[in-house]
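Enquirer: Here's a structure for you.
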Amino acid sequence: MKLTRFGILFILLIGLLTACAIEDSTPKKDTETPTEQAKEQTPLQESAPEEEEETPSEPVKNENEYYTGIPRGKVLPATIVRVVDGDTLNIKVNGREETVRLLLVDTPETVHPDKPVQPFGPEASAFAKETLTPGKQVEIEIDVSERDKYGRLLCYLYADGKMFNELLLEKGLARVAYVYAPNTRYVDQFYNLQKQAQAKEIGIWSIENYATDQGFNEGTAKNPSTGSSSSGKCRIKGNISSRGDKIYHMPGQQYYDVTKPEEMFCSEEEAQNAGYRKSKR
């Protein structure tokens with residue numbers, strides 16, 4: 001009897017252990033939400049280190065030693081090649097030769113193909129050639145627009161610490177002209193210099209009604225300029241032929257009167273230094 005009870009208890013114990021083992025092997029139901037799963041599966045991103053705030057660099061100072069309060073434009077070093085007339089010249093800049101037209105000034109003509117030599121034109125040209133000798137180191141300042149319709153470089157030119165455009169106005173050898181926006185950086189100062197020359201009645205302002213807003217009126221110039229023009233020193237005509245030959249013609253030579261000059265010279269030596277040879281007749 002005792003043996004029978006022991007056998008029953010043993011069977012019950014085996015059954016209980018078997019049931020427990022089955023329950024442990026059953027996979028547990030996942031009770032986590034999809035959001036929680038995503039949090040566990042996505043590795044945490046390290047927060048980016050804070051960038052150091054850069055200290056702003058100081059603005060580049062563009063001081064103008066000539067006119068306080070007015071910034072200068074683009075300034076480039078250049079070398080004089082030759083002077084054509086009072087307001088036009090050839091320079092070498094950035095390794096290439098350029099024809100330059102001075103901004104906001106106009107000197108009387110000496111080499112215009114359709115105009116005669118105008119009073120004070122030779123003086124302006126001679127002053128330019130004396131000041132801007134070949135090989136001289138200068139600076140040019142570009143305003144806003146860099147070139148004119150002819151492809152010439154437009155600029156203010158500085159030599160020996162002075163603006164050459166201003167020197168022409170101060171000496172009465174040029175008028176303020178060709179005032180076209182946006183190249184008007186110094187126009188007010190130029191007009192002030194012109195008024196001073198007018199008050200002194202020097203140069204082009206010594207001839208009544210000669211220099212006007214529209215140009216130079218040769219008809220009013222009863223008395224030619226008292227400088228090199230009246231003495232005939234700058235009457236040599238330099239001309240470039242259709243073949244590219246540079247020839248100068250002296251007064252009295254066969255083709256002098258019909259020659260339209262590219263530029264005028266005050267002496268044969270000056271013409272020869274510019275690469276011209278004398279006409280054979």
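The values are calculated or read from the model by the stated rules, or taken from the named source; none is laboratory data. Keep in mind it's a predicted model, so treat the numbers as computed, not measured. Positions of Cβ are backbone-derived with ideal geometry, glycine not excepted, and every protein chain shown enters the neighbour counts. SASA here: full protein model, heavy atoms, side chains in, ligands and nucleic acids out. Shrake-Rupley method; radii C 1.70, N 1.55, O 1.52, S 1.80 Å.
Enquirer: How much space per residue, in cubic angstrom, does the convex hull of the C-alpha atoms of region 167-218 take up?
Expert: Each residue corresponds to 70 Å³ of Cα convex hull volume.
Enquirer: While we're here: Over region 59-118, what portion of Cα pair distances is larger than 12 Å, expressed as a whole percent?
Expert: Tail of the P(r) past 12 Å holds 75 percent of the pairs.
Enquirer: Suppose all protein chains stay in the model; what accessible area per residue would a 1.4 Å probe give for region 133-176, in Å²?
Expert: Spelled out: the 1.4 Å probe surface of region 133-176, per residue, equals 43 Å².
Enquirer: Leaving out ligands, DNA and RNA, what percent of the accessible area of region 113-193 is carbon and sulfur, probe 1.4 Å?
Expert: It is 50 percent, rounded to a whole number.
Enquirer: So what J values fall out for region 127-136 if you push phi through Karplus, 6.51 cos²θ - 1.76 cosθ + 1.60 with θ = phi - 60°, rounded to Hz, Gly and Pro as x?
Expert: 5, 5, 5, 6, 7, 10, 6, x, x, 5
Enquirer: Could I ask something else about it? Do the alpha carbons of any pairs in LYS162/LYS280; LYS129/LYS280; LYS74/LYS136; LYS149/LYS278; LYS92/LYS200 sit beyond 31 Å of each other, and which pairs?
Expert: The pairs that break the limit, which is 31 Å between Cα atoms, are LYS162/LYS280; LYS149/LYS278; LYS92/LYS200.
Enquirer: Taking a point 7 angstrom from the Cα of ASN192 along the C-beta vector, which residues in region 81-119 have backbone N less than 19 Å away?
Expert: Counting backbone N atoms under 19 Å from the label point, the list is 104-105.
Enquirer: Using the Kirkwood radius over C-alpha pairs as Rh, can you work out the diffusion coefficient of region 101-242 via Stokes-Einstein at 20 °C, viscosity 1.002 mPa s, in µm² per second?
Expert: 134
Enquirer: Taking 7 Å along the Cα-to-C-beta vector as the label spot, tell me the SER145-GLU201 distance in nanometres, rounded to one decimal.
Expert: Using points 7 Å along Cα→Cβ, the separation is 3.8 nm.
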